[in-house]
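Student: Please find one structure pasted underneath; my questions will follow.
The values are calculated or read from the model by the stated rules, or taken from the named source; none is laboratory data. Keep in mind it's a predicted model, so treat the numbers as computed, not measured. Glycine also receives a Cβ, built like all others from the backbone with ideal geometry; neighbour counts cover every protein chain displayed. For the accessible areas, the whole protein counts, side chains as well, though only heavy atoms, and no ligand, DNA or RNA atoms are used. Shrake-Rupley method; radii C 1.70, N 1.55, O 1.52, S 1.80 Å.
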Amino acid sequence: MSDSSPVIAADGRPLKASLNRALRRQKIRALLLIAPLLVFVLVTFIAPIADMLFRSVENDIVSNTLPRTVVALEDWDSASGVSPDEAVFAALAADLAEAVKAKRHTQLGTRLNYELSGMSSLFRKTGRKVKRMDMDGPFKPQFLDIEEDWDDPRIWTTIKANSSRYTAGYFLNAVDLQNGPEGIEQRPENQRIYMKLFGRTIFLSVSITLSCFLLGYPIAFLLANLKARTSNILMILVLLPFWTSLLVRTSAWKVLLQQQGVINDTLVWLGIVADNNRLELINNQTGTIIAMTHILILPLYSVMKTIPITYVRAAKSLGATNWTAFWRVYFPQSVPGIGAGSILVFILAIGYYITPALVGGTSGTFISNRIAYHISSSLNWGLGAALGAILLALVLVLYGLYDKIVGIDNVKLG
Amino acid sequence: MSKLPPYATTGQRLWHYTFLTLCALIFFFLIFPIIIIPLSFNAQDFFTFTPKMLALDPEGFSTKHYADFFSNADWQNALKNSFKIAPVATIISVSFGTLAAIGLSQSHVPFKGAIMAILISPMIVPLIISAAGMYFFYSRIGLQGTYIGVVLAHAVLGIPFVIITVTATLINIDKSLTQASASMGAGPVRTFFKIQMPLILPGVISGGLFAFITSFDEVVVVLFVGSAGQKTLPWQMFIGMREQISPTILAVATLMVAISIVLLTTLEVLRRRSERLRGMSPG
């Protein structure tokens, strides 16, 4: 059409430039509206998650507390099988003197104790005697005097291995491995707990998802095929437990499932169970599964509502029995809903903390309970953070799967 | 579908009624915990139905656990804390969230997908991880164990709900209304308050209710981020459940169920109203 001159807008500028300017203004306006919230979420939420990830690998306590020793150890060969020489001990004496004054040596001992037990008491004992050491004389014999263990090359291997600012130690610990003298190896038999814990968490989550599916499918089917009025009313019965808080529901189940509780009372009254043989429904895995059977009815329901009934009718008119019509025509169409709902329930289940804490007892704990234990009781924050990072990675992968099947934009809250 | 066709065989009839019975049983299972409501009126300090209660003898019932709840200093303190934290957190979520939702529904938002992902993330990440991360980070900046820390934490947890409900409402608003208002000379701020605000109000209120419920019922994050001075009602319940000392817990649980029912009903009414306005449901 026009060959050389660009199209001009009413105010004389080229239309393209005018359009770009208006577009840019719109973008800036949109970003200005979003910015306050984005900053807020970044500071109050994303930064904490980043901090947790950071703590799962940070390990600067050794290089901060024993700077000279770390440098001196660089020349020492950890495979030599013999403890280091005088220069290293001299550096250690200087470092420990400062550390004891700042009272940081016990922290160091505790941290190194996670790697090799005995380090904690070693540092405490040495720390007490360091003040009385002769500051010009040979240091190695003085240290060996205080505690013979200083001659053990394993101690020095541990210190050297933790000299770098970052460590994979916590992550290794989280999957039951450790950094042995020959590289990465499995932990001793009696210290391997985490793979079992992960396994148990996943097994329980799968059981929960399965039981939710078995309970939820018939209900979703019923609700999707009833008249709108009735299904709206029944939907309230479904949403009601969904909206009472998880804590309230778990408390209710705990009260009902305990040995002196209503369920056992009823069973005894009906004569099914003898009075002294009440079912141990609580404080074990059964308690966790029963209490957490949640509802995946909503995604199933929304998918089933979109299945046209004409297909089933057509199948029946072609001679299919009710079962065949259901299994070969209806069920395959509901599979996306099953997939989406199951992933959702699974994601929620592996992250649960309250319910296992209340009804799980000792054999029904989840990985989240262990993380909480490390943060509040054992104070091994690095390990707690590493476990949390693994859990987060798992959830994000599953969520990516969910997104592929359903799409994040389709999350509706009714 | 629930009506059996007249030519159904006996086998089909049998299955049909079995199916309905099964569904009834499942509904019963879903509602079962509601049974704690009558239990909370137990005159004795037991967690089960006493024979007097089963016989519907009025002597077996009493409201003494409720009286205990309202007079106990620990519980009342927890209740006060809950009501100090939840409304403020809700206001923060709603104000920031509504602004952002409006921004997100403009045309041409750069990096929309990434921004949405970041804003929805508090809903996706397991609570324990959020709680752990907040504990670490807030300790660094001195917010751990303070009132402000808990309020901020709850606000950020409620934000995804506000964003989802308000964007859902915004999508369905006729854009030509804002254009018409602009064409009649109203500035953007005036258009917002007179045209958009009334239309998105149901969405904002829904989001606010979700955020309020989230904060009010939340226990994991407050366990880590709060200190004893911010002990909320769910926290007190959690402690009570682990030690299981008195059936006052049942009374508290009943009250919380009642609050949830009220809020849920309000939400449902709002949702049906907005569906009617959009012309999407048959009455």
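Student: Could you tell me what percent of the accessible area of chain A is made up of carbon and sulfur, with a 1.4 Å probe and every protein chain present?
Tutor: Values: 12630 of 20810 Å².
Percent of accessible area from carbon and sulfur atoms in chain A: 61.
Student: What list of whole percents do you get for P(r) of chain A, with Cα-Cα distances grouped in 10 Å bins up to the one holding the largest distance?
Tutor: For chain A, the pair-distance distribution reads 4, 14, 18, 17, 15, 13, 10, 6, 2, 1, 0.
Student: Okay, next question. Among A:PHE54, A:PHE123, A:PHE326, determine the one that fluctuates most according to a GNM of chain A built with springs between C-alpha atoms less than 10 Å apart.
Tutor: Of the options given, A:PHE326 has the highest mean-square fluctuation.
Student: Give me Rg/Rg_expected for region B:62-164, where Rg uses Cα atoms only and Rg_expected = 2.2 N^0.38 Å with N residues.
Tutor: Numbers: Rg = 17.8 Å, N = 103, 2.2 N^0.38 = 12.8 Å.
Normalised Rg, Cα atoms only: 1.39.
Student: Just checking the output field for B:204-213: average partner chain Cβ neighbours within 10 Å of each residue's Cβ?
Tutor: 1
Student: Related question: Once you've got the Cα coordinates, tell me which of A:LYS254/A:LYS404; A:LYS103/A:LYS196; A:LYS101/B:LYS231; A:LYS101/A:LYS125 are over 26 Å apart.
Tutor: Details: A:LYS254/A:LYS404 37 Å; A:LYS103/A:LYS196 38 Å; A:LYS101/B:LYS231 38 Å; A:LYS101/A:LYS125 15 Å.
Over 26 Å Cα-Cα: A:LYS254/A:LYS404; A:LYS103/A:LYS196; A:LYS101/B:LYS231.
Student: Could you tell me which residue out of B:LEU255, B:LEU157, B:GLY142 lies farthest along the dipole of region B:140-283 toward its positive end? Charges go on the beta carbon: Lys and Arg +1, Asp and Glu -1, centred on the Cα centre.
Tutor: My answer, from the dipole projection, is B:LEU157.
Student: Please report the base-10 log of the normalised intensity I(q)/I(0) for chain B, using a Debye sum with one equal scatterer per alpha carbon and no solvent, at each q in 0.13, 0.16 (1/Å).
Tutor: For chain B, the Cα-only Debye profile gives -1.04, -1.23.
Student: Can you check what the net charge comes to around B:SER181, using other residues whose Cβ is under 10 Å from the Cβ of B:SER181 (Lys, Arg +1; Asp, Glu -1)? Write down the numbers at each step before the final one.
Tutor: Details: positive: B:ARG190, B:LYS194; negative: none.
Net charge in that neighbourhood comes out at +2.
Student: Additional query: Relative to the present Cα-Cα distance, how much length would full extension add between A:ARG29 and A:LYS316 at 0.36 nm per residue of separation?
Tutor: Numbers: separation 287, 0.36 × 287 = 103.32 nm, distance 5.71 nm.
Gain on stretching A:ARG29 to A:LYS316: 97.6 nm.
Student: Next question. Toward the positive end of the charge dipole of region A:33-143, about the Cα centre and with charges on Cβ (Lys, Arg +1; Asp, Glu -1), which of A:VAL71, A:ALA87, A:VAL41 goes farthest?
Tutor: A:VAL41
Student: For A:LYS227, go through the lysines and keep the ones whose alpha-carbon is under 26 Å away, minus same-chain ones fewer than eight residues off.
Tutor: Straight-line reach from A:LYS227, under 26 Å: A:LYS305, A:LYS316, A:LYS412, B:LYS3.
Student: Per the helix-only calculation at 222 nm, which mean residue ellipticity applies to the protein assembly as shown, given -39500 (n - 2.57) for every DSSP H run of n ≥ 4 and division by its residues, nearest 500 deg cm²/dmol? Write out the running numbers ahead of the final one.
Tutor: On the way: 36 runs with 472 residues, N = 697.
Estimated from H runs of four or more residues: -21500 deg cm²/dmol.
Student: Can you work out the PRE-style zone for A:ARG128? Point 7 Å along Cα to Cβ, and I want the residues of region A:144-167 with backbone N under 20 Å.
Tutor: Residues A:144-151 fall inside that zone.
Student: Now, a different point. Where in chain A are the helices, taken as whole DSSP H runs, whose Cα atoms extend 30 angstrom or more along the long axis and whose Kyte-Doolittle mean reaches at least -0.5?
Tutor: Working: long enough: A:15-41 (38 Å, 0.84); A:194-225 (45 Å, 1.34); A:381-405 (36 Å, 1.70).
Span-like helices in chain A: A:15-41, A:194-225, A:381-405.
Student: How do A:SER231, A:SER78 rank by accessible surface area computed with a 1.4 Å probe, from largest to smallest? Don't skip to the end; give the middle numbers.
Tutor: On the way: A:SER231 5, A:SER78 55 Å².
Sorted by accessible area, descending: A:SER78, A:SER231.
Student: Springs between alpha-carbon atoms under 10 Å, Gaussian network over chain A: tell me which of A:LEU226, A:LEU53, A:LEU344 tops the mean-square fluctuations.
Tutor: A:LEU226
Student: Another one. How do A:LYS227, B:LYS175, A:LYS27 stack up against each other in accessible area, from largest to smallest, with a 1.4 angstrom probe?
Tutor: On the way: A:LYS227 140, B:LYS175 115, A:LYS27 80 Å².
Correct descending sequence by accessible area is A:LYS227, B:LYS175, A:LYS27.
Student: Another one. Per residue of B:107-118, what is the mean number of Cβ atoms on other protein chains within 10 angstrom of that residue's Cβ?
Tutor: Working: counts 4, 7, 7, 5, 3, 2, 2, 0, 6, 3, 3, 6.
Taking all residues of B:107-118 together, the mean is 4.
Student: Now a separate question. Give me Rg over Rh for region A:183-222, both radii from the alpha carbons and Rh done the Kirkwood way, two decimal places. Could the numbers behind the result be given before it?
Tutor: On the way: Rg = 17.5 Å, Rh = 12.7 Å.
Here the Rg-to-Rh quotient is 1.38.
Student: Let me ask something additional. Can you tell me the dipole magnitude for the protein assembly as shown around its Cα centre, using point charges on the Cβ only (Lys, Arg +1; Asp, Glu -1), in Debye to the nearest 20? Write out the running numbers ahead of the final one.
Tutor: Numbers: 57 positive and 41 negative charges, 671 e Å.
With Lys and Arg at +1 and Asp and Glu at -1, about 3220 debye.
Student: Could I have the simple spin-label model distance between A:SER63 and B:ILE239, label points 7 Å from Cα toward Cβ, reported in nm to one decimal?
Tutor: Distance between the two pseudo-spin positions: 4.2 nm.
Student: May I pose another question? Please state the charge dipole magnitude for chain A, taken about the Cα centre, from unit charges on C-beta atoms (+1 on K and R, -1 on D and E), reported in debye and rounded to the nearest 20. Don't skip to the end; give the middle numbers.
Tutor: Details: 39 positive and 30 negative charges, 532 e Å.
Taking the Cα centre of chain A as origin, the dipole is about 2560 debye.
Student: Oh, and also: Would you tell me the accessible area of A:ASP75, worked out with a 1.4 angstrom probe on the heavy atoms of the protein chains, in Å² to the nearest 10?
Tutor: Roll a 1.4 Å probe over it and A:ASP75 shows about 140 Å².
Student: So for the pair B:MET197, A:GLN178, with labels modelled 7 Å out along Cα→Cβ, what separation do we get in nm?
Tutor: For B:MET197 paired with A:GLN178, the spin-label model returns 6.4 nm.
Student: Please compute the average number of Cβ atoms from other chains found within 10 Å of each residue's Cβ in peptide B:135-143.
Tutor: Working: counts 8, 14, 12, 4, 2, 3, 4, 0, 1.
Mean partner shielding for this stretch: 5.
Student: Kindly tabulate the residues in region B:2-26 with an accessible-area decrease of at least 20 Å² between the chain alone and the assembly of all protein chains, using a probe of 1.4 Å.
Tutor: Output list: B:SER2, B:GLN12, B:PHE19, B:CYS23, B:ILE26.
Student: Let me ask something else about it. Of B:GLY226, B:SER176, B:THR266, whose Cα points farthest to the positive end of the dipole of region B:140-283 (charges on the beta-carbon: +1 Lys, Arg; -1 Asp, Glu; origin at the Cα centre)?
Tutor: The Cα lying farthest towards the positive end belongs to B:SER176.
Student: Mind pulling the per residue volume of the convex hull built on the Cα atoms of the protein assembly as shown? Å³ is fine. Display every interim value, and only then the final one.
Tutor: Values: hull volume 191.7 nm³, N = 697.
In the protein assembly as shown, the Cα hull volume divided by residue count equals 275 Å³.
Student: Which helices count as membrane-span-like in chain B under these terms: full DSSP H, at least 24 Å along the axis by C-alpha, Kyte-Doolittle mean of 0.0 or more? Before the final figure, lay out the partial values.
Tutor: On the way: long enough: B:10-31 (32 Å, 1.25); B:73-104 (45 Å, 0.79); B:147-171 (36 Å, 2.16); B:197-217 (29 Å, 1.48); B:248-278 (45 Å, 0.98).
Answer set is B:10-31, B:73-104, B:147-171, B:197-217, B:248-278.
Student: Right, something else. Which one of B:MET116, B:MET197, B:MET184 has the biggest mean-square fluctuation once chain B is modelled by GNM with Cα springs under 10 Å?
Tutor: For chain B, modelled as a Gaussian network with Cα springs under 10 Å, the answer is B:MET184.
Student: Buried accessible area between B and A (1.4 Å probe, both chains summed, ligands and nucleic acids excluded), in Å² to the nearest 100? List each step's numbers first, then the result.
Tutor: Working: alone 17140 and 24790 Å², together 34030 Å².
So the buried area, both faces added, is about 7900 Å².
Student: Less than 17 Å from a label point 7 Å out along the Cα-to-Cβ axis of A:SER117: which backbone N atoms in region A:351-395 qualify, by residue?
Tutor: Label zone hits: A:378-380.
Student: Protein chains only, probe 1.4 Å: how do A:ARG13, B:ARG271, A:ARG154 rank by accessible area, largest first? Show your work: numbers first, answer last.
Tutor: On the way: A:ARG13 80, B:ARG271 60, A:ARG154 145 Å².
Largest accessible area first, the list is A:ARG154, A:ARG13, B:ARG271.
Student: Viscosity 1.002 mPa s, temperature 20 °C: Stokes-Einstein D of region A:74-231 from its Kirkwood Cα radius, in µm² per second? Walk me through the numbers on the way to the answer.
Tutor: Working: Rh = 19.7 Å.
Reported coefficient: 109 µm²/s.
Student: Something else now. With charges only on Cβ, +1 for K and R and -1 for D and E, what is the dipole size of chain B about its Cα centre, in debye, rounded to 20?
Tutor: Details: 18 positive and 11 negative charges, 195 e Å.
For chain B, the charge dipole is close to 940 debye.
Student: Next up: With every protein chain left in place, what is the accessible area of A:VAL82 in Å² (1.4 Å probe, nearest 10)?
Tutor: The value for A:VAL82 is about 90 Å².
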